[in-house]
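The values are calculated or read from the model by the stated rules, or taken from the named source; none is laboratory data. Here the structure is a predicted model, which means the values were calculated and not measured. Glycine also receives a Cβ, built like all others from the backbone with ideal geometry; neighbour counts cover every protein chain displayed. In case anyone asks, the SASA skips ligands and DNA or RNA and just uses the protein heavy atoms, side chains included. Shrake-Rupley method; radii C 1.70, N 1.55, O 1.52, S 1.80 Å.
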Amino acid sequence: MDYGMTAELEEFRAEVRAFVAANAPDVPPKAGVRSAENLEELALLKAWTGKLFAAGYIGGSWPARFGGRGEAHSAERDVVVGEELARARTPAAVQGAANLVAHALIDYGTEDQQVRYLPGIRSGELIFCQLFSEPSSGSDLASLRTRATRTEDGGFRVTGQKVWTTNGQWSDYGYLLARTDPDAPKHRGISAFVVDMTLPGVDVRPLREMTGTSDFNEVFLDDVALGSDALIGELNQGWSIANSSLGHERSGVATSAVRLRRNVAALVELAGRVTRNGRPAIEDGAVQERLGELSASVEALSALVYANISRWSRKSERVHDGPMAKLFFSELGVDIARYGLELCGEAGILVEGDTGVVDRGRWQDEFLYARAYTIAGGSSEIMRNIIAERGLHLPR
Ligand SMILES: Cc1cc2nc3c(=O)[nH]c(=O)nc-3n(C[C@H](O)[C@H](O)[C@H](O)COP(=O)(O)OP(=O)(O)OC[C@H]3O[C@@H](n4cnc5c(N)ncnc54)[C@H](O)[C@@H]3O)c2cc1C
């Protein structure tokens, strides 16, 4: 079922689908938002990113003078693109932070910064990572401790540690939040910067995750010298810049609904191939019931997501709408992946490369990755807090 799709959007969908089929990079499909595993994959993903921008399928919300679709842009079109990429199990653009930093530069950057970075982001050549989270500052991001101290020439010296930096190992630049006024209230003493990741004092250490891949990194900043032109916007304006750049994209959750629907369809197909008590699992009433339940949940999620997108387009979004969808999809994702493993039976403990592994280790990868979505972009507990306190007005 698709919700709220007009004939014009369906036509657009067909166009995107054909584009994806003709141009998608030959990179093995994996669960979630993943980094390139080697330089060849990186080159493929960069080229793919450039094609998506050039076709206007991403970056549509940028002003027309920077290559966006201007007035012609619509959130629904972004949703269609995200859905088609998810349907094809094709990676999205390589740079997770590119959209974030692009909106920060468009809204707050100098002309020099816009000219220097925006074309490279659109061509896919420049990769940006997001240097926000720290070992002790994730949910409470405003407590971050990385310091940027002003120097006499108007520049800055930065010292601190970041973590969870997706794509840090492949990034040319980082979009950094650092504390510039330790005496101000915590939200008011933070500034936003562009950091050249090749500068002396920047040390990127990839983390090996339980999925076996390195999708994020630790980044150590040791007295890194930045020029005054690295500052985005005004000094100590970083918190509002970061929040406004985070608010630009809403298609991610819609994409996830499609990804989950596709996973449930794959579960149904899997249940036809594996056995329970000597018979195809799909013939078991309990299996049918569980598959029906998961499928119904995905359709409910889809309906919720489309209602949110429609509210967002009409500028009547409520503070708990996004958190409800995010909580629902990330927890449902874990349930679906877990059921995939369960259906695999004993083979569920084998991983890609082992003899007898089902679907080349897909369900293990889905299961191990699914937990990440319950943390990234605000953990499930934080989502529940927002829904309870701001949506239902329950006491803290
Ligand atoms: C796959 C992935 C990619 C990421 N990529 C990036 C990136 O590129 N750049 C970047 O800057 N960050 C990135 N992050 C970091 C992400 O934003 C943080 O993990 C997230 O904000 C949670 O912060 P934390 O990990 O420090 O957990 P903490 O905030 O330390 O939370 C630990 C636990 O305590 C709970 N908790 C915390 N506060 C409360 C509260 N007030 N009430 C109830 N429970 C609470 C949390 O729910 C959680 O269970 C990524 C994370 C993931 C998982």
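For the range 294-308, name all the residues that are small (Gly, Ala, Ser) and either assigned to a loop (DSSP other than H, G, I, E, B) or open to solvent by 10 Å² or more (accessible area, probe 1.4 Å) (or both).
Within the range 294-308, the subset small (Gly, Ala, Ser) is 295-297, 300, 302-303, 307.
The answer is 295, 296, 297, 300, 303, 307.
Quick check on this structure: which one of 85, 131 is of a type outside the set (Asp, Glu), modelled with pLDDT of 95 or more and crowded, with 20+ Cβ neighbours inside 10 Å?
On the way: 85 fails: modelled with pLDDT of 95 or more.
131 is the lone residue from the list that is of a type outside the set (Asp, Glu), modelled with pLDDT of 95 or more and crowded, with 20+ Cβ neighbours inside 10 Å.
Can you confirm whether residue 394 is among the hydrophobic types (A, V, I, L, M, F, W, C), loosely packed, with under 15 Cβ neighbours inside 10 Å and either within 15 Å of the ligand (Cβ to nearest atom) or within 20 Å of residue 302 (Cα to Cα) (or both)? If you could, list the steps in order and put the result at the bottom.
Numbers: among the hydrophobic types (A, V, I, L, M, F, W, C): yes; loosely packed, with under 15 Cβ neighbours inside 10 Å: yes; either within 15 Å of the ligand (Cβ to nearest atom) or within 20 Å of residue 302 (Cα to Cα) (or both): yes.
Yes: the conditions hold for residue 394.
Would you point out the residue of the range 373-386, among those that are open to solvent by less than 30 Å² (accessible area, probe 1.4 Å) and part of a helix (DSSP H, G or I), that is nearest to the ligand (Cβ to nearest atom)?
So the first thing to find is which residues in the range 373-386 are open to solvent by less than 30 Å² (accessible area, probe 1.4 Å), and the list is 374, 378-380, 383.
Then keep just the ones that are part of a helix (DSSP H, G or I); that gives 380, 383.
Values: 380: 6, 383: 9 Å.
Out of the qualifying residues, it is 380.
What pairs come up if the first residue lies in the range 47-76 and is hydroxyl-bearing (Ser, Thr, Tyr), the second is open to solvent by 40 Å² or more (accessible area, probe 1.4 Å), and their beta carbons are under 6 Å apart, counting only those six or more places apart or on different chains?
So the pair list comes out as 61/73.
For the structure I just gave you, tell me whether residue 229 is part of a helix (DSSP H, G or I) and of a type in the set (D, E, K, R).
On the way: part of a helix (DSSP H, G or I): yes; of a type in the set (D, E, K, R): yes.
Spelling it out, residue 229 is indeed part of a helix (DSSP H, G or I) and of a type in the set (D, E, K, R).
Among the residues of the range 100-120, write down those that are among the hydrophobic types (A, V, I, L, M, F, W, C) and either away from the ligand (no atom under 16 Å from the Cβ) or outside any helix (DSSP H, G or I) (or both).
Those that are among the hydrophobic types (A, V, I, L, M, F, W, C) and either away from the ligand (no atom under 16 Å from the Cβ) or outside any helix (DSSP H, G or I) (or both): 105, 106, 115, 118.
Condition first: charged (D, E, K, R) and open to solvent by less than 70 Å² (accessible area, probe 1.4 Å). Now tell me which residues in the range 1-58 satisfy that.
So in the range 1-58, the residues charged (D, E, K, R) come out as 2, 8, 10-11, 13, 15, 17, 26, 30, 34, 37, 40-41, 46, 51.
Within the range 1-58, 10, 13, 30, 34, 41, 46 qualify.
Residues checked against (1) in contact (Cβ under 8 Å) with a residue 12 or more places away in the chain; (2) open to solvent by less than 20 Å² (accessible area, probe 1.4 Å); (3) charged (D, E, K, R):
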site	(1), (2), (3)
151	yes, no, no
155	yes, yes, no
162	yes, yes, yes
175	yes, yes, no
191	yes, yes, no
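Conditions (1) outside any loop (DSSP other than H, G, I, E, B); (2) surrounded by fewer than 19 Cβ atoms within 10 Å (Cβ to Cβ); (3) modelled with pLDDT under 95; (4) of a type outside the set (Gly, Ala, Ser), marked per residue:
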{"residue": "242", "(1), (2), (3), (4)": "yes, no, yes, no"}
{"residue": "245", "(1), (2), (3), (4)": "yes, no, yes, no"}
{"residue": "249", "(1), (2), (3), (4)": "no, yes, yes, yes"}
{"residue": "256", "(1), (2), (3), (4)": "yes, no, yes, no"}
{"residue": "262", "(1), (2), (3), (4)": "yes, yes, yes, yes"}
{"residue": "272", "(1), (2), (3), (4)": "yes, yes, no, no"}
{"residue": "282", "(1), (2), (3), (4)": "yes, no, no, yes"}
{"residue": "287", "(1), (2), (3), (4)": "yes, no, no, yes"}
{"residue": "292", "(1), (2), (3), (4)": "yes, yes, no, no"}
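Criterion first (part of a helix (DSSP H, G or I), open to solvent by 50 Å² or more (accessible area, probe 1.4 Å), touching a residue at least 40 places away in the same chain (Cβ under 8 Å) and not assigned by TED's automatic domain parsing to the domain that holds residue 140) does residue 331 satisfy it? Talk me through it step by step, then tell me what you get.
Numbers: part of a helix (DSSP H, G or I): yes; open to solvent by 50 Å² or more (accessible area, probe 1.4 Å): yes; touching a residue at least 40 places away in the same chain (Cβ under 8 Å): yes; not assigned by TED's automatic domain parsing to the domain that holds residue 140: yes.
Here the answer is yes, as residue 331 does meet what is asked.
Mind listing just one residue for me: the one in the range 177-189 that is more than 14 Å from residue 232 (Cβ to Cβ) and within 16 Å of the ligand (Cβ to nearest atom) and, of those, surrounded by the most Cβ atoms within 10 Å (Cβ to Cβ)? Don't jump to the end; show me each part of the working.
Step one: filter the range 177-189 for residues more than 14 Å from residue 232 (Cβ to Cβ), giving 179, 181-189.
Now narrow it down to the ones that are within 16 Å of the ligand (Cβ to nearest atom): 179, 186-187.
Numbers: 179: 22, 186: 16, 187: 14.
Per the criteria, the residue is 179.
Which residue, of 346, 352, is part of a helix (DSSP H, G or I), open to solvent by 60 Å² or more (accessible area, probe 1.4 Å) and either away from the ligand (no atom under 16 Å from the Cβ) or in the same structural domain as residue 293 (by TED's automatic domain parsing) (or both)? Don't jump to the end; show me each part of the working.
Working: 352 fails: part of a helix (DSSP H, G or I).
Going through 346, 352 in turn, the sole match is 346.
Name the single residue that is surrounded by the fewest Cβ atoms within 10 Å (Cβ to Cβ) among those in the range 134-145 being of a type outside the set (Gly, Ala, Ser) and within 11 Å of the ligand (Cβ to nearest atom). Walk me through it before giving the result.
Filtering the range 134-145 for residues of a type outside the set (Gly, Ala, Ser) gives 134-135, 140-141, 144-145.
Okay, now just the ones that are also within 11 Å of the ligand (Cβ to nearest atom), so 134-135, 140-141, 144.
On the way: 134: 20, 135: 12, 140: 10, 141: 18, 144: 25.
Taking the candidates together, the pick is 140.
Taking into account only those residues within the range 150-165 that are assigned to a loop (DSSP other than H, G, I, E, B) and of a type in the set (Ser, Thr, Tyr), which is farthest from the ligand (Cβ to nearest atom)? Give the derivation first.
Looking only at the range 150-165, we keep the residues that are assigned to a loop (DSSP other than H, G, I, E, B), and these are 151-155, 163-165.
Next, from what is left, pick out any that are of a type in the set (Ser, Thr, Tyr): 151, 165.
Numbers: 151: 25, 165: 5 Å.
Applying the filter and picking the extreme gives 151.
Select, from 64, 92, 102, 97, the only residue that is within 20 Å of the chain's Cα centre (by Cα) and open to solvent by 50 Å² or more (accessible area, probe 1.4 Å).
Values: 64 fails: within 20 Å of the chain's Cα centre (by Cα); 102 fails: open to solvent by 50 Å² or more (accessible area, probe 1.4 Å); 97 fails: open to solvent by 50 Å² or more (accessible area, probe 1.4 Å).
Every option except 92 fails the conditions.
Taking the condition of being in a strand (DSSP E or B) and without any contact (Cβ under 8 Å) to a residue 40 or more places away in the chain, how many residues in the range 133-149 meet it? Break it down stepwise before answering.
Kept after step one, since they are in a strand (DSSP E or B), are these residues of the range 133-149: 134, 137, 147-149.
Next, only the ones that are without any contact (Cβ under 8 Å) to a residue 40 or more places away in the chain stay: 134, 137, 147, 149.
Here the count works out to 4.
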